[in-house]
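The values are calculated or read from the model by the stated rules, or taken from the named source; none is laboratory data. Everything quoted here is computed from the prediction, not taken from an experiment. Every residue, glycine as well, gets a Cβ built from its backbone with ideal geometry; the counts of neighbours run over all protein chains shown. The area values use the complete protein model at the heavy-atom level, side chains included, leaving out ligands, DNA and RNA. Shrake-Rupley method; radii C 1.70, N 1.55, O 1.52, S 1.80 Å.
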Amino acid sequence: MNASGAPPPDVFVSYAREDRPLAEQLAQALGASGLRVWWDRDLAAGSEFTAVIEAKLLGAAVVIVLWSTESARSSFVRDESSRALKTGKLLPVRIEDVELPLGFGQLHTLDLLDWDGDAGDDLFQTLLFEVRQKQGQGQPPERPRLSRKWPRRSTLMTAAALALALGGSATWYARDQRQSEAAAQAEANRHFRAGLDQQYASPAQLETALNEYLSALELRPAHARARYYLGHVYAQTSKPGDALDAFKRALAATEAPLDRSQRVEAERQVLTLAVVKGEATPITRVDASPVPVKSMTGLASGAEPGVSATTTANVDPTAADAAPKQPPRTDPPQASVAPIARSVEGLFDDNKERRINATTSLVLDPQALSDAVPVAVRKASQALEGGPAAMDASASSGVVNTLVLLQSALPGTLQVNRPAIEQLLDAAEPLGDYTAKQVGKVRELLKQAAVRKPVAYLQIANEAQRPIAEAVAAKLRSFGYEAPGIELVGERAPDTTQVRVQGKSDRSYARWVTKVVGEAVNAQPASSGLRNAKPRTDTYEIWLGRSLCAPGGLVLAGCKKA
């Protein structure tokens, strides 16, 4: 018996609110079989949701979890399932053909995929047998005799009495609904504030904050601020698609609306995350092996003025692959150094809101990310020089924000800054469990970065350009790049030579690649970014322009003669 005097339930039913009709059918069928069933319809108006649910779950003999697309996404359902699993009470049931969340996929799971509420159905009888088994009753139950779903109304009830009864029920239902709405709103705000506390913490606890925001949104889907801060968490944990959806829905939501500065920030992030219409499709092909470099005897000695001899010289790709050099890099132009430094300062700002905005902005900015990393690593290392005791909240948060930035970087950026990053990780690890966890993530990315080479794809407009493209490919391979086979694209090539940088690929590498290509074609190529691209390693596209080696266009000594 519990404190209220009521016996504990035999069965607790956990489900997503979208699956409420089926949960109700199941509760009725189990109840008709003689079981005491509790589901959240039985919550008293104004009660403390979490306290009551926890008490009923812990008191129940069996916890049935109804797995569907929606419940698999529900933090409430996952939490209830985890607690039931720990206490040995869990009975998972699929009501849709879905993949179960991590940690539950290996458990024996029953199916009610096509169940229509019939208690005589074999699917339900199997479930009922499993419930009895968990209660310690090994014998299968007898098939219950079900009464009609709706009892036959007495012929003595007059129409007036029925109307009066229904009117009273409607009044009670409306009052109960208002009380439930108020309780749900209060509970959602509690989760939102808890999420904000975790995100504002020093250091920020992003995973915990995410779960609190999701819990708030399950109760109040139109909570604009919960969606806004959830967008920041998604962005900082490398989920750009989810971040874009969260920021869009925050702008459209009506409950707990954003203030002016938050709307401006959300609109800015939507523009940053949105797919760029009309942008060229990124190249994703991977060839089994590079095309052998043909002999170009005399090309280096006869190169046009301004073309580097090392670029056009004959290079043995086998030898280059055997002992690749570290890919060279070129520092950012002086004009961009000060803006990058100001952006990094935001990671360590005294204002919590500005820290969040600065971190999200740098994580999502493919142009600035790789150049900001060495500046942020240097500043974080300086903050750690006096040890943890000498750090204030903004410095501690700045260190974690730097670790978040590193988790968004591609392998080239991590490789270029490896020694400084490793020193930072050693110094940051003692700051606490959460910081140590972020350090571990960066260490794993560094390990992967060591075996991921940058990739350069070469496209030519005509066969006369092939020797130049092969020389460029050979030089890139000699410095550790993968350069898959050269592709003849014809009229798809641009008018003039271009270097396209995919996504967050390291810009210091890109500047060097652009320099190499410029030397090869004796002209400065245009450089642009492909923001829609999401490469796993630093990827660059080299497109030789149609005018190069073409009749009436720019003809170099390296062009293949007809």
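Examine the stretch 133-141 for a residue that is modelled with pLDDT of 90 or more and crowded, with 16+ Cβ neighbours inside 10 Å, and state whether such a residue exists. Quick ask: steps written out before the conclusion?
As a first pass, look at the stretch 133-141 and keep what is modelled with pLDDT of 90 or more: none.
Scanning the stretch 133-141, I find no residue that is modelled with pLDDT of 90 or more and crowded, with 16+ Cβ neighbours inside 10 Å, so the answer is no.
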I'd like to check which helices (runs of 4 or more DSSP H) are fully inside the stretch 171-270 and have at least 1 residues that are in contact with a Ser or Thr (Cβ under 7 Å, 6 or more places away or on another chain). 206-219, 224-236
Scope the stretch 424-438; condition farther than 13 Å from Ala383 by Cα and open to solvent by 40 Å² or more (accessible area, probe 1.4 Å); matching residues: Asp426, Glu429, Pro430, Asp433, Lys437
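Inspect the stretch 387-406 for any residue being open to solvent by 10 Å² or more (accessible area, probe 1.4 Å), part of a helix (DSSP H, G or I) and within 23 Å of Leu530 (Cβ to Cβ) and give the result as yes or no.
Just the residues of the stretch 387-406 that are open to solvent by 10 Å² or more (accessible area, probe 1.4 Å), to begin with: 387-396, 401.
Narrowing the set further to residues that are part of a helix (DSSP H, G or I) leaves 388-390, 393-396, 401.
With the extra rule that they be within 23 Å of Leu530 (Cβ to Cβ), the set shrinks to none.
No, the conditions are met nowhere in the stretch 387-406.
So, Val501, is that one crowded, with 21+ Cβ neighbours inside 10 Å and touching a helix residue (DSSP H, G or I) at 6+ places or on another chain (Cβ under 8 Å) or not? Full working, then the answer.
Details: crowded, with 21+ Cβ neighbours inside 10 Å: yes; touching a helix residue (DSSP H, G or I) at 6+ places or on another chain (Cβ under 8 Å): yes.
Yes.
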Only one of Ser527, Ser478 is hydroxyl-bearing (Ser, Thr, Tyr) and free of Cβ contacts under 8 Å to residues at least 40 places away in the same chain. Can you tell me which? Ser527
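Filter the stretch 17-38 down to the residues that are among the polar types (S, T, N, Q) and open to solvent by 30 Å² or more (accessible area, probe 1.4 Å) and list them by number. Steps first, please.
Initial filter on the stretch 17-38 (among the polar types (S, T, N, Q)): 25, 28, 33.
Hits for the stretch 17-38 are Gln25, Gln28.
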Inside the stretch 502-517, can you point out the residues that are among the aliphatic types (A, V, I, L, M) and in contact with a Pro (Cβ under 8 Å, 6 or more places away or on another chain)? Val517
